[in-house]
Amino acid sequence: MTERINLPRRRARERRPINVRFYPQSFPRQQFLLRMEWNSQLERWTIEIEHENLDRIVTRGVATAYRAYSYLPFCVFFFADPSGEAQRVTPRNLQEEMFFHVKPGPDGRPPEDW
């Protein structure tokens, strides 16, 4: 089971920077920060995921649909369209078709304990 993290749809459509702090249920009492910025030259979102409790960067790069951003053994982050139709993370489909998810890793808290 995955957990969907809500992102500000309006900011995404306007291609404005997105900063969202969240506490995944699969990794209790741990705070993460997702930073997203629109890169107009690449025509892609760039992302940075930070584990704020440890001041550690999980990943920096380009937001890629269906790619796992692993923070094993605790959790895995990824962008996905539940229908499987959208193939890119874009300003128009973010939070409408394409969503940001967290999934527990082997040492993460199982969904039945959420």
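Which residues in region 54-75 have a backbone N closer than 12 Å to a point placed 7 Å from the Cα of Asp107 along the Cα-to-Cβ line? Flagged as within label range: 71-75. Scanning residues 5 or more positions from Arg16 or on other chains, none has an amide H under 5 Å from its amide H, with H placed 1.01 Å from N in the peptide plane.
Amide H to amide H distances under 5 Å link Asp81 with Phe99, where only residues 5 or more positions off or on other chains count and H is placed in the peptide plane. The ellipsoid equivalent to the alpha-carbon distribution of the chain has semi-axes of 23, 16, 12 angstrom, derived from the gyration tensor eigenvalues as √(5λ) and listed largest first.
Identify the residues of region 35-64 with backbone N under 17 Å of a label point that sits 7 angstrom from the Cα of Arg88 along the Cα-to-Cβ direction, or state none. Zone members listed by number: 37-47, 62-64.
Throughout, read-outs are computed from the coordinates displayed, never taken from laboratory work. Since this is a predicted model, take the numbers as computed values, not measurements. Positions of Cβ are generated from backbone atoms using ideal geometry, with glycine treated the same way; all protein chains shown enter the neighbour counts.
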